[in-house]
Amino acid sequence: MKTWIVIAKTIDAFNETIGRVVLWLVGAVTLISALNALARYGLGRSSNAWLEIQWYLFGAIFLLAAGYTLKHNGHVRIDVIYGRLSARAQAWIDLLGTLFFLLPLCGLMVWLAFPGFMDSFVRGEMSPDAGGIIRWPVRLLIPLGFALLALQGVAEIIKRIAFLRGEARLSHEQPREEV
């Protein structure tokens, strides 16, 4: 199990790094949005390319940070019942939910989105708008984001199994080795 815990920690570190990089995109998209608004309303000028870059970055923030958000338990959850359960019961729910819902959904999304990305890449798809930019980078974000989420799902499964076996603790608990 120790090897699996090392794998989970490596995945955690990878998604943590991605999340911290994506955090900088928030500043970039905010600046670009403000400059687009100033250019449009202050100077009477607009650029489809900059609007599309703004949209691409916005999509990147949400898609690429999904694994980071899962690592930090930040996804929406109905805590009415879950919050009242023991840590062990919560670990079982997380384990089964990730195994039977999250991973299949991520696999399906990667499987459905990747051909669209490849088609866009091979054809050199461009935005139909005047001054628009290439489309494949934003199409790549979909399978990439879901792959990162699935990868973090695997790490969460490993951590829950280690916890259930008594070999580690979850980050919100005390003693034992933290995973």
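Numbers at a glance
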{"item": "Among 141-150, 88-97, the order from most to least packed when residues are scored by Cβ within 10 Å on average", "result": "141-150, 88-97"}
{"item": "Among 104, 5, 121 - extreme Cα towards positive end, dipole of the chain, charges at beta-carbon", "result": "5"}
{"item": "Calculated SAXS-style log₁₀ I(q)/I(0) at q = 0.20 Å⁻¹ - the chain, Debye, Cα scatterers", "result": "-1.30"}
{"item": "Charge dipole (the chain, unit charges on Cβ, about Cα centre) - positive-most of 145, 130, 73", "result": "73"}
{"item": "Estimated vicinal HN-Hα couplings, Hz - region 121-130 in sequence order (Karplus 6.51, -1.76, 1.60; Gly, Pro = x)", "result": "5, 5, 7, x, 3, 10, 5, x, 7, 4"}
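Read the figures in this text as sums done on the coordinates, not as results from a lab. Computed from a predicted structure; not experimentally measured. Neighbour counts run over all protein chains shown; Cβ positions are idealised from the backbone, glycine included.
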